[in-house]
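Okay, so here's the structure we're looking at.
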Amino acid sequence: MKNHETSHNFVPHAHETHGHEDHSLKEELVTHLPYAIFSVALGLIVLTWLSFFSFSVTDAKEIKKSYKMLFHSFHFLHILFASTGTVLTFLRFSPNRTKAVIVGTVSPAIFCMLSDILLPYLGGVILGQNMHLCLCLIYEWYNVLPFLFVGVINGFLLATHYNAFARVFSVGSHFAHILISSLAALFYLVAYGFNNWYPQMGIVFLVLILAVVLPCTLSDVVVPMYFAKKRN
């Protein structure tokens, strides 16, 4: 037996091992929904503790600056995880490395901005907050690109590992990916307009689940699978 699996057999989902390789968007959303629910809940716990300890800080500008720093850190980490996951999924279904680089770069750049920035922004606006739009891909591209490119390289490197390790990595990294996305979206809400979020915690919880699960599912699974199987 060879030590390494071929790239197109990499990281199967549990339902793939039962012979179902073609999944609908509905099936993938249902599969990813529990990850989103628990990750958003954990993110709210983190934000609650940070808000509690910030009560002793009287300088509102300093608090907002801290939340902006946290948002950017988690947003860049989200891009790293997303680009890695997109490349891994693509290589499960296609050996085309050039295409894997293109999809692994473009898809995370779009969907990370959607989940971390655009959907939280729209959620805040709908809830009546005076939100501010910050498009990091445009204004901080010099920070975004290193995480994006390293994530793509990381995806290729991880594709060479044993299949047994790949299964473990797939579950762990996916939960970490969604948790990081949840924290990025939460910190964006607070840093860019939704200061008094906890009286509407229930609505914020629902908005964040929607903001996280749909873009992450499209980025991690649907888009790379579609382009990997698409024939010229």
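Please enumerate, by chain and number, the lysines with C-alpha under 24 Å from the C-alpha of LYS229, excluding those fewer than 8 residues away in the same chain. Within the straight-line limit of under 24 Å, LYS229 reaches these lysines: LYS26, LYS99. Stretching ASN196 away from PHE175 to a fully extended chain increases their span by 4.8 nm, per 0.36 nm per residue minus the current alpha-carbon distance.
Other residues with beta-carbon under 14 Å from the beta-carbon of MET69 carry, at +1 per Lys or Arg and -1 per Asp or Glu, a net charge of +2. For region 78-232, what does the alpha-carbon gyration tensor say about shape, rounded, prolate or oblate, given a ≥ b ≥ c as the root eigenvalues, a/c under 1.5 as rounded, and a/b over b/c as prolate? Note, shape of region 78-232 comes out prolate.
Shape descriptor for region 96-168: Rg over Rh equals 1.13 (Cα atoms; Rh from the Kirkwood inverse mean 1/r).
Each residue, LEU157 and ASN130, gets one label point 7 Å from its Cα in the Cβ direction; the gap between the two is 4.6 nm.
Coordinate-derived values only; no laboratory data. Here the structure is a predicted model, which means the values were calculated and not measured. A quick note on method: Cβ atoms are made from the backbone with ideal geometry, for glycine too, and the neighbour counts reach across all protein chains shown.
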